[in-house]
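The values are calculated or read from the model by the stated rules, or taken from the named source; none is laboratory data. For clarity, every value in this text was computed on a predicted model and none was experimentally measured. Note that each Cβ is placed from the backbone with ideal geometry, even for glycine, and that neighbours are counted across all protein chains shown. Just the protein is used for accessible areas: all its heavy atoms, side chains included, with ligands, DNA and RNA removed. Shrake-Rupley method; radii C 1.70, N 1.55, O 1.52, S 1.80 Å.
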Amino acid sequence: MADQLSFPTSLGTSDPTTIRLLGHDLAADLMGSVGFGELAYWLVAGRRPNPGEVRVFEAVLVALADHGFTPTAIAARLTYLSAPESLQGALAAGLLGGGSRFLGVTEDCGRFLADTIAAAGDAAATAAETGDWDAVALDAVRRARADRRLVPGLGHPVHKERDPRTPVLIRIADEEGLRGPHLRLFEAIGRVHPQVLGRTLPLNGAGVCGAALADLGLPVELLRGFALLARAAGLLGHLAEERRNPIGMDVYLAVDRNAVYQPPESM
């Protein structure tokens with residue numbers, strides 16, 4: 001009976017001689033023919049993306065795999081140096097450490113934009129026809145301010161003036177005809193928010209990626225997963241770097257020794 005085993009799922013089936021995925025033979029049809037970004041999109045959306053969608057989606061993955069100086073990188077490096085199961089621990093520390101503040105911005109922004117469009121109703125429909133999203137954006141920022149909520153996608157600890165990823169992703173989406181309502185609303189928020197907040201903040205890369213993914217029609221509740229998928233590549237890069245040139249502890253000590261700790265009542 002062993003040679004008759006089959007394990008079907010909604011995505012595919014494994015049997016003793018073949019693996020079928022998305023209706024194709026994985027070994028014969030997909031490997032070497034389908035890129036990873038295309039496959040990831042296909043698995044989630046349930047349909048094969050067109051070339052323009054692949055280009056925008058893979059641009060998002062590249063944008064979110066940033067290799068910058070972040071607490072995520074420090075956590076990965078330290079865990080790699082100290083944990084008994086260093087590689088597994090470092091990946092877990094890096095992904096979980098960036099789970100809310102960093103990876104969460106992509107989902108939070110996509111959700112904020114989608115909720116704003118849904119709540120705007122006829123105003124959003126008019127904005128989509130005219131291309132003028134400023135009124136919808138201004139109302140959304142005012143409501144967030146009144147509710148004492150942050151507008152996700154605004155501000156960046158390093159790129160104070162402009163996040164270099166934002167205009168590039170908008171341009172790529174525009175070239176592929178995928179600059180949809182979420183991206184246009186996000187751009188409008190960038191124009192109007194100083195009127196409400198009293199200062200100008202850059203539209204950050206994590207936020208623009210959330211807008212682009214939402215325009216691709218991907219489920220908002222999965223946007224954090226795409227950020228995690230991209231960050232995993234960056235974490236592996238950090239771990240490889242640590243193997244070549246261990247500096248994790250030096251980075252940590254430099255940051256820790258320069259930190260000024262405040263008692264809770266003073267914060």
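Applying the criterion of being among the acidic types (Asp, Glu) and not in a helix (DSSP H, G or I) to the residues of segment 161-175, the residue that is most open to solvent (accessible area, probe 1.4 Å) is GLU161.
The residue list LEU216, LEU201 contains one member that is in contact with a strand residue (DSSP E or B) (Cβ under 7 Å, 6 or more places away or on another chain) and either open to solvent by less than 30 Å² (accessible area, probe 1.4 Å) or not β-branched (Val, Ile, Thr) (or both), which is LEU201.
Okay, residues lined up against (1) at pLDDT 95 or above; (2) touching a Ser or Thr at 6+ places or on another chain (Cβ under 9 Å); (3) on the phi < 0 side of the Ramachandran plot:
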site: LEU5; (1), (2), (3): no, yes, yes
site: PRO16; (1), (2), (3): no, yes, yes
site: ASP29; (1), (2), (3): no, no, yes
site: ARG47; (1), (2), (3): no, no, yes
site: VAL54; (1), (2), (3): yes, no, yes
site: ASP66; (1), (2), (3): no, no, yes
site: ILE74; (1), (2), (3): no, no, yes
site: LEU81; (1), (2), (3): no, no, yes
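Looking across segment 120-160, the residues that are assigned to a helix (DSSP H, G or I) and open to solvent by 90 Å² or more (accessible area, probe 1.4 Å) come down to ASP122, GLU129, THR130, ARG142, ARG143, ARG145. For segment 238-255, the criterion of being farther than 20 Å from ALA92 by Cα, open to solvent by 40 Å² or more (accessible area, probe 1.4 Å) and touching a residue at least 40 places away in the same chain (Cβ under 8 Å) is met by at least one residue. Here ARG171 fulfils each of the conditions (1) free of Cβ contacts under 8 Å to residues at least 24 places away in the same chain; (2) closer than 17 Å to ASP66 by Cα apart from (2). When segment 168-192 is filtered for residues that are of a type in the set (Gly, Ala, Ser) and more than 18 Å from THR106 (Cα to Cα), only GLY177 remains.
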